[in-house]
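Scroll down for the structure; my scribbles are underneath it.
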Amino acid sequence: MNSVAICIITHDNSIETAFFIDRLIEVTNQDFSLYVYDRYTGNQDMKKMLMTATNQTKGRYEQIDVNKTTNAQIYNSMLTKMYEDYGVFMSINFLVNEGWLTDLIYYNKSIKNSGCSSISSCFQNVTLSSALFDDETLLEPITKTIWVNDTNTLNEFVFFSKRAYEEKSIGFFDLSNKLKGLELSEWSFRFLANGLFNYYIGQNSGIKYKIEDEILFPSIKNVGKKELLKLINKTASVNNQINGL
């Protein structure tokens, strides 16, 4: 059984998507299942390519109505259907390097209270930090380099353990459709609010490039930022009450 479910959303970006998937398969030395949610626009060649990729990885292909389904609904669909030990929400404009998935799993298992993790890209605003590693191959815990950002939330590329997701009752994505491109940021914050640790791994990096597509990469608006802050404050307040703070 594959141990990792990788979720991507596509929208008539055949060249970019093919390049992303070819690269993903080439540099991934860990078994995974590819979950592709295709905002289908009638491109039969792209559909065949995506179905081949999902069948090859024992994954899942679904056609999605462009106008009736939000990204948050798609993310919730994957959470409902995934059976793997780990999940990754990835965008097709992020190219990873060899060993990326093995490294993410290693960090998740070795860092106590791991929440969501990611891989930093060039020119990303992150700060150098460190974390204590403790696994069965080490005689004693050691300190390793990690990266963090100023909000401790992650967006566009989010790796997580299904066990942590279930044990901490993280819940489904917000369906208000007010976040518009910040859905993963809000969802990843819930891991932090439940006492877990969000970070970028220290021994791998990726390359993110721009794709002009408002369906996949909506422009971040002030109303979305305000809604994110509102939901973060609400989550933090509820957790403080539960913990008696």
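The values are calculated or read from the model by the stated rules, or taken from the named source; none is laboratory data. For clarity, every value in this text was computed on a predicted model and none was experimentally measured. In this analysis, Cβ positions are derived from the backbone assuming ideal geometry, glycine residues included, and neighbour counts consider all displayed protein chains.
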Problem set entry | Single residue of region 32-44 satisfying the filter (among the aromatic types (Phe, Trp, Tyr) and not in a loop (DSSP other than H, G, I, E, B)) that is farthest from residue 105 (Cα to Cα) | 37
Exercise. Residues 195, 181: which one is at positive phi, in a loop (DSSP other than H, G, I, E, B) and out of contact with any Gly (no Cβ under 8 Å at 6 or more places or on another chain)?
Worked result: 195
For this session: Could you look through region 96-110, keep only residues that are surrounded by fewer than 20 Cβ atoms within 10 Å (Cβ to Cβ) and free of Cβ contacts under 8 Å to residues at least 60 places away in the same chain, and pick out the one that is nearest to residue 205 (Cα to Cα)?
Result: 106
Seminar exercise, completed: Every listed condition ((1) within 24 Å of residue 166 (Cβ to Cβ); (2) modelled with pLDDT under 95) holds for residue 75 save (2)
Exercise. Looking only at region 180-218, which residues are farther than 30 Å from residue 110 by Cα and surrounded by fewer than 16 Cβ atoms within 10 Å (Cβ to Cβ)?
Worked result: 209, 210, 211, 212, 214, 215, 218
For this session: Within region 200-207, identify whether any single residue is under 22 Å from residue 101 (Cα atoms) and free of Cβ contacts under 8 Å to residues at least 12 places away in the same chain, and answer yes or no.
Result: no
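Residue by residue, here is whether (1) aliphatic (A, V, I, L, M); (2) in contact with a Phe, Trp or Tyr (Cβ under 6 Å, 6 or more places away or on another chain) holds:
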{"site": "50", "(1), (2)": "yes, yes"}
{"site": "54", "(1), (2)": "no, yes"}
{"site": "66", "(1), (2)": "yes, no"}
{"site": "70", "(1), (2)": "no, no"}
{"site": "77", "(1), (2)": "no, no"}
{"site": "85", "(1), (2)": "no, no"}
{"site": "95", "(1), (2)": "yes, no"}
{"site": "108", "(1), (2)": "no, no"}
{"site": "118", "(1), (2)": "no, yes"}
Exercise. Would you say residue 92 is of a type outside the set (D, E, K, R), closer than 30 Å to residue 39 by Cα, in contact with an Asp or Glu (Cβ under 7 Å, 6 or more places away or on another chain) and surrounded by 20 or more Cβ atoms within 10 Å (Cβ to Cβ)?
Worked result: yes
For this session: Could you give me the residue pairs with C-beta distances under 7 Å whose first residue belongs to region 58-72 and is buried (at least 16 other Cβ atoms within 10 Å of the Cβ), whose second residue is of a type in the set (Lys, Arg) wherever it lies, and which are 6+ apart or on separate chains?
Result: 60/81; 64/39
Exercise. Which ones in region 118-129 are among the polar types (S, T, N, Q) and either farther than 20 Å from residue 100 by Cα or surrounded by fewer than 12 Cβ atoms within 10 Å (Cβ to Cβ) (or both)?
Worked result: 125, 127
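Rundown of residues vs (1) under 24 Å from residue 74 (Cα atoms); (2) outside any loop (DSSP other than H, G, I, E, B); (3) modelled with pLDDT of 85 or more, yes/no style:
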residue	(1), (2), (3)
207	no, yes, yes
211	yes, no, yes
218	yes, no, yes
223	yes, yes, yes
226	yes, yes, yes
229	yes, yes, yes
235	yes, yes, no
239	no, yes, no
For this session: Of the numbered conditions (1) surrounded by fewer than 20 Cβ atoms within 10 Å (Cβ to Cβ); (2) in contact with a helix residue (DSSP H, G or I) (Cβ under 8 Å, 6 or more places away or on another chain); (3) closer than 19 Å to residue 216 by Cβ, residue 15 fails exactly one; give the number of that condition.
Result: (2)
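Conditions (1) more than 27 Å from residue 198 (Cβ to Cβ); (2) in a helix (DSSP H, G or I); (3) modelled with pLDDT of 90 or more, marked per residue:
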{"site": "46", "(1), (2), (3)": "yes, yes, yes"}
{"site": "54", "(1), (2), (3)": "yes, yes, yes"}
{"site": "83", "(1), (2), (3)": "no, no, yes"}
{"site": "92", "(1), (2), (3)": "no, no, yes"}
{"site": "104", "(1), (2), (3)": "no, yes, yes"}
{"site": "108", "(1), (2), (3)": "no, yes, yes"}
{"site": "138", "(1), (2), (3)": "no, no, no"}
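Table: residues versus (1) closer than 24 Å to residue 178 by Cα; (2) touching an Asp or Glu at 6+ places or on another chain (Cβ under 9 Å).
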site: 55; (1), (2): no, no
site: 75; (1), (2): yes, yes
site: 102; (1), (2): no, no
site: 117; (1), (2): no, no
site: 145; (1), (2): no, no
site: 157; (1), (2): yes, no
